[in-house]
Amino acid sequence: MADLWTGYLWPAIFIVLQIVAILVPLLIAVAYLTYAERKVIAGMQLRRGPNVVGPFGLLQPLADGIKLLFKETILPAGSNRIVFVLAPMVTFVLALVAWAVIPFGPNQVIADINVGVLYLFAISSLGVYGIIMAGWASNSKYPFLGACRSAAQMVSYEVSMGFVIVSVVLCAGTLNLTGIVEAQQNLWFAIPLLPMFVIFFISILAETNRTPFDLPEGESELVAGYFVEYSSMTFALFFLGEYANMILLSAITAVLFLGGWMPPLWIPPFTWVPGEIWLALKIAAVLFVFIWVRATLPRYRYDQLMRLGWKVFLPVSLGWVVLTAGVLVTFDLLPQ
Amino acid sequence: MTYDLATIAPELFLLVSAMALLMLGAFRQGNPTGLVLSLATVATVITFVLVWLQPTARELAFGGLFVRDGFGNFMKGLILVGSSVSLIMAWRFIERENMSRFEFPVLMLFATVGMMMMVSANDLISLYIGLELQSLSLYVIAAFRRDTLRSTESGLKYFVLGALSSGMLLYGSSLVYGFAGTTNFNTLAEILQQAAQAGEAPSIGLIVGVVFVMAGLAFKVGGVPFHMWTPDVYEGAPTPVTAFFASAPKIAAMALFARVLMGPFAELVAQWQQVVVAISLLSMVLGALAAISQTNIKRLMAYSSIGHVGYALIGLAAGTEAGVRGLAVYMAIYLFMNLGTFAVILCMRQKDRMVENIDDLRGLSRTHPLMALAMGIFMFSMAGIPPLAGFFSKLYVFLAAIEAQLYTLAVVGVLSSVVGAFYYLRIVKLMYFDEPAESFDQPFGREMSLIMGAAGAITLLFFVFPSPIVSGAEAAAASLLAAAG
Amino acid sequence: MVVQALCFYLFSAVAIASAVMVISSRNPVHSVLFLILAFFNAAGLFVLMGAEFLGMILVVVYLGAVTVLFLFVVMMLNINVAEMRQGFLQYLPIGATVGLILLVELFMVLGGWAISPEAAQVAQVPTPPPEQVSNTAALGNVLYTKYVYLFQASGIVLLVAMIGAIVLTLRTRTGVRRQNLREQSFRTRDESVEVKKVQSGSGV
């Protein structure tokens, strides 16, 4: 009996507890990210933003959530029901499972796998399925157009993202995320790999379908793109998934380029702050830029988007990978 | 490693020039096709010289994945002749026929690299990759005139059946790997030899694997019963492409066939000989009979090539050094006859359009006497009339078959070449004894006359100076057999 | 071990079930979705075997790129499966025969699995033990040294495939006004703006 407990049940419970410990703060963060987005954009546009529900409008996300929960779920008549319902779930679940390998501190990670970076890359490349399934299953033209755009866009930008990740891995000498963070002990990769950092950031804007690459859901042309037909909880899942994805990609940016849980300098006032806080701060900073970009830039035209991905980012990132490898070999800086 | 690179120098050069030409074509303003095409021809010629300069001593590179030997060099030389002549024949054609795109010569070069890799393969994996490189390029150039129905049809048919044959080849290779535990040719030969010395019968699984590999290869050479794609693809593809298909890839696949059977599976000769004999018999008979009723000259050439594959396989079926020599001589002579014939076919134009009916050749002796003479030489030679080259090529393989006591093969071969002579001679009759049809458009272009003249001279005068081809083939066969033994 | 065994049976059962669904489902889009599921479970099996690199690459390449495009094509085409099934029964006997032969051969391979000791000797040494080198590093070590020839050759095959796809599909349309970024960036005020004095009350 004791065997069963120590051997199977306790580890299982422990894993569930770990998952809950990550997911609950994450979902709260998603809720408040929507709030933050509205507040920040309002500030930039000299408005007030949400300020009615609760003090400073702090309960607004909850109110929104409750509203969505109690609305009626509508399944369009000609839709493919199973796929239609499955699509938002896929998006949402994929945004959550990737957190398994994000390190919050030394040894603070659910699954410290050898190929963490590849796992993240794999999961983010699966994200496109939720959108395609939604667009197809809706059996309606706007969603399908949105899905087509989104799939082409995500596949295109994944290529250059892959090259960026390769150059980071070259510098770190490991595919393990903890190892990558530890390789940035002295110097964050954002500094030596600055162009790659910029490309990566722009690519994750495209990967999350955010402004200025929000063509898949461009409301002025496609109504709302792939989730036109969605309502109530199915819509909420899409919404949550999308924002969770933003937080995830910000976390990946922080881990790959901004030193993860490490303080910027190893001197007292910085070292007093725990690593988790540093990671959260870095994620918040990246998210702020996400919102800032949205408040600032107009939408790209579709051919411009493709041109940027294939004709600018792909050659530049490929060239930079070669350059990085060349420099590392020439100056004997290859990590062991 | 640098030593390895020297071993693959010709392939490397051709590959790098193909990529350089790709860049040139993509970034040069205006229409770069003419320039790329001529440079591609130059590249094949330089590669030919590089192959010529390669030592004939057998040498392995890249951990036994690649082999360079006299046999390979001989076959690569033939392949390069085939591709460079096809490239030259394409010069005018692609401009006239509205397919002037620079990717065409580049894909031809990639296909040639693939063939050279096939010929030099010393491992099932490198065999497969070379084969895929060649086939993939060929599928695309078959469908190169994508706005004509027949060209796209031929590309699609070739692709679907080619993919099927690659599948069979891979399945066979995986069986061989499963039973022998290796894909390397030398190791395979060693294992089979040891098993034979220990008196063990080869396992059935391995034999099944070899048969599947052979089926895949028979597909690529276009031997019966894996020939179905040949007539449609030959007819639909643009004519210089057909000329290319009928020459270089055939030689490469045949060389690969010989290398695989005489190298790693030399010990299994009793098993594979039956299969080769069957393919050879069927190809000869079908090639002779089916060609009779054809009216389209490209289809006729397709059936004729099936027949020639059958004759060449006689040499392989013998499984001896003389047989391989016969095969090499056969392929060399077939190459020249074939290129010459296609040069004539390419000149068949009336009112600015290609014509492809055999009847259009009527009375050619009166309108274009020299062209008719050249065509006559090629047809007589293909029929195997002495003293033209085609007679000697058949003679070598039949002698090898008789030496190996494959009398049925030799007899059927002679009989089917008599039947085959009917349709070759019918063309001669059309040209010389029928009333002239409309004359062909002039001028053909100097390079066409040159190709026809050179091929005609080689075919006609082979019996005077047989030594370059025969001694080359002899050395090639010796080097292939030396490696196996 | 029990957990691993459970995972194995879960992954393989789902993989086989979805593979069956790929060929039996009536809607081609569903077929592709099941194909995705099958690939995903195959990746899971790879991870279980300790080949995590292959598993991840399978997901990235097959699911992230190849199947997306596949799904795209299937969604765009209106494939009528019922129509395609028409010849099904007619060709069933020959198809089943071929399948049966392949199955028998497969059994022969597995049943007669006996590599001779000489073969085992001369067969190349497989990957080093997993405790010493992670399989990513092990793959990298042989891929760029021992198998560099094949690696580069496969790269060329892919290049040819790309050229072929472009050659067969790219059409340069005439009459399309393309954006020329250079021209736009170097445009000066003089070329594009004309200032006109307009007399008040008289129009342009």
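The values are calculated or read from the model by the stated rules, or taken from the named source; none is laboratory data. The structure displayed is predicted, hence computed values, not measured ones. In this analysis, Cβ positions are derived from the backbone assuming ideal geometry, glycine residues included, and neighbour counts consider all displayed protein chains. Accessible surface areas use protein heavy atoms only, side chains included; no ligands, DNA or RNA. Shrake-Rupley method; radii C 1.70, N 1.55, O 1.52, S 1.80 Å.
A few points about this structure:
- In the range A:229-255, the residues that are aliphatic (A, V, I, L, M), farther than 15 Å from A:TRP99 by Cβ and at pLDDT 85 or above: A:ALA236, A:LEU237
- Taking the criterion of being under 26 Å from B:SER416 (Cβ atoms) and aliphatic (A, V, I, L, M), the residues of the range B:361-389 that qualify are B:LEU361, B:ALA374, B:MET375, B:ILE377, B:MET379, B:MET382, B:ALA383, B:ILE385, B:LEU388, B:ALA389.
- Condition met for B:MET117 (farther than 29 Å from B:GLY30 by Cα and facing chain C (nearest Cβ under 7 Å)): yes
For (1) crowded, with 23+ Cβ neighbours inside 10 Å; (2) within 13 Å of chain C (Cβ to nearest Cβ); (3) in contact with a Cys (Cβ under 6 Å, 6 or more places away or on another chain); (4) not in a helix (DSSP H, G or I), each residue gets a yes or a no:
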residue	(1), (2), (3), (4)
B:VAL81	no, no, no, no
B:LEU87	yes, no, no, no
B:PHE110	yes, yes, no, no
B:SER126	yes, yes, no, no
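- Within the range A:116-143, considering residues that are assigned to a helix (DSSP H, G or I) and away from chain C (no Cβ under 11 Å), the one surrounded by the fewest Cβ atoms within 10 Å (Cβ to Cβ): A:LYS141
- Identity of the residue in the range A:277-295, in contact (Cβ under 8 Å) with a residue 40 or more places away in the chain and open to solvent by 70 Å² or more (accessible area, probe 1.4 Å), that ends up farthest from the other protein chains (Cβ to nearest Cβ): A:PHE288
Rundown of residues vs (1) surrounded by fewer than 24 Cβ atoms within 10 Å (Cβ to Cβ); (2) free of Cβ contacts under 8 Å to residues at least 40 places away in the same chain; (3) farther than 30 Å from C:THR172 by Cβ, yes/no style:
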| position | (1), (2), (3) |
| --- | --- |
| B:PHE13 | yes, yes, yes |
| B:LEU21 | yes, no, no |
| B:PHE27 | yes, yes, no |
| B:THR44 | no, no, no |
| B:VAL49 | yes, yes, yes |
| B:PRO55 | yes, yes, yes |
| B:LEU60 | yes, no, yes |
| B:GLY72 | no, no, yes |
| B:MET75 | no, no, yes |
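- Selection status of B:GLU132, open to solvent by less than 40 Å² (accessible area, probe 1.4 Å), among the charged types (D, E, K, R) and away from chain C (no Cβ under 13 Å): no
- Wholly within the range A:247-336, helices (runs of 4 or more DSSP H) carrying at least 1 residues that are under 16 Å from A:VAL164 (Cβ atoms): A:275-296, A:314-330
- Checking A:VAL16, A:VAL53 one by one, the residue that is over 23 Å from A:LEU287 (Cα atoms), part of a loop (DSSP other than H, G, I, E, B), free of Cβ contacts under 8 Å to residues at least 60 places away in the same chain and of a type outside the set (Gly, Ala, Ser) is A:VAL53 and no other.
- The condition (being over 26 Å from the mean Cα position of the chain (by Cα), under 25 Å from A:ASN245 (Cβ atoms) and either not β-branched (Val, Ile, Thr) or not in a loop (DSSP other than H, G, I, E, B) (or both)) is satisfied by just one residue among A:LEU46, A:LEU75, A:LEU68, A:LEU62: A:LEU75.
- Test: residue in the range C:109-129 that is within 13 Å of another protein chain (Cβ to nearest Cβ) and either at pLDDT 75 or above or in contact with a Cys (Cβ under 8 Å, 6 or more places away or on another chain) (or both): no
Yes/no per residue for (1) of a type outside the set (Phe, Trp, Tyr); (2) within 22 Å of A:ALA87 (Cβ to Cβ); (3) within 13 Å of the chain's Cα centre (by Cα); (4) surrounded by 15 or more Cβ atoms within 10 Å (Cβ to Cβ):
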site: C:VAL2; (1), (2), (3), (4): yes, no, no, no
site: C:TYR9; (1), (2), (3), (4): no, no, no, no
site: C:ILE16; (1), (2), (3), (4): yes, no, no, no
site: C:ILE36; (1), (2), (3), (4): yes, yes, yes, yes
site: C:THR67; (1), (2), (3), (4): yes, yes, yes, yes
site: C:VAL74; (1), (2), (3), (4): yes, yes, no, yes
site: C:ASN78; (1), (2), (3), (4): yes, yes, no, no
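- Residues of the range B:153-165 satisfying the condition of being within 11 Å of chain C (Cβ to nearest Cβ) and open to solvent by 50 Å² or more (accessible area, probe 1.4 Å): B:LEU156, B:PHE159
- Unique residue being away from every other protein chain (no Cβ under 13 Å) and open to solvent by 10 Å² or more (accessible area, probe 1.4 Å) when the list is B:GLU103, B:GLU95: B:GLU95
- The sole residue among B:PHE398, B:PHE342, B:PHE336 that is modelled with pLDDT of 90 or more, closer than 26 Å to B:ALA476 by Cβ and in contact with a Pro (Cβ under 8 Å, 6 or more places away or on another chain) is B:PHE342.
- When each of B:ARG92, B:ARG101 is tested for being assigned to a loop (DSSP other than H, G, I, E, B), over 21 Å from B:LEU335 (Cβ atoms) and in contact with a Phe, Trp or Tyr (Cβ under 9 Å, 6 or more places away or on another chain), the lone residue that passes is B:ARG101.
- Condition check for A:GLY105: in contact with a Pro (Cβ under 8 Å, 6 or more places away or on another chain), open to solvent by less than 10 Å² (accessible area, probe 1.4 Å) and in a loop (DSSP other than H, G, I, E, B): yes
- Filter result for B:ARG145 (more than 10 Å from chain C (Cβ to nearest Cβ), in contact (Cβ under 8 Å) with a residue 24 or more places away in the chain and outside any helix (DSSP H, G or I)): yes
- Of the criteria (1) closer than 23 Å to B:LEU460 by Cα; (2) touching a Ser or Thr at 6+ places or on another chain (Cβ under 7 Å), which one B:GLY326 fails: (2)
- Candidates B:GLY445, B:GLY413 - the one that is under 22 Å from the mean Cα position of the chain (by Cα) and not aliphatic (A, V, I, L, M): B:GLY413
- Scanning the range C:135-156 for residues that are open to solvent by less than 30 Å² (accessible area, probe 1.4 Å) and facing chain B (nearest Cβ under 10 Å) yields C:VAL148, C:TYR149, C:LEU150, C:ALA153, C:ILE156.
- Filter result (within 13 Å of A:TYR129 (Cα to Cα), within 10 Å of another protein chain (Cβ to nearest Cβ) and open to solvent by 20 Å² or more (accessible area, probe 1.4 Å)) within the range A:149-181: A:ALA152, A:VAL155
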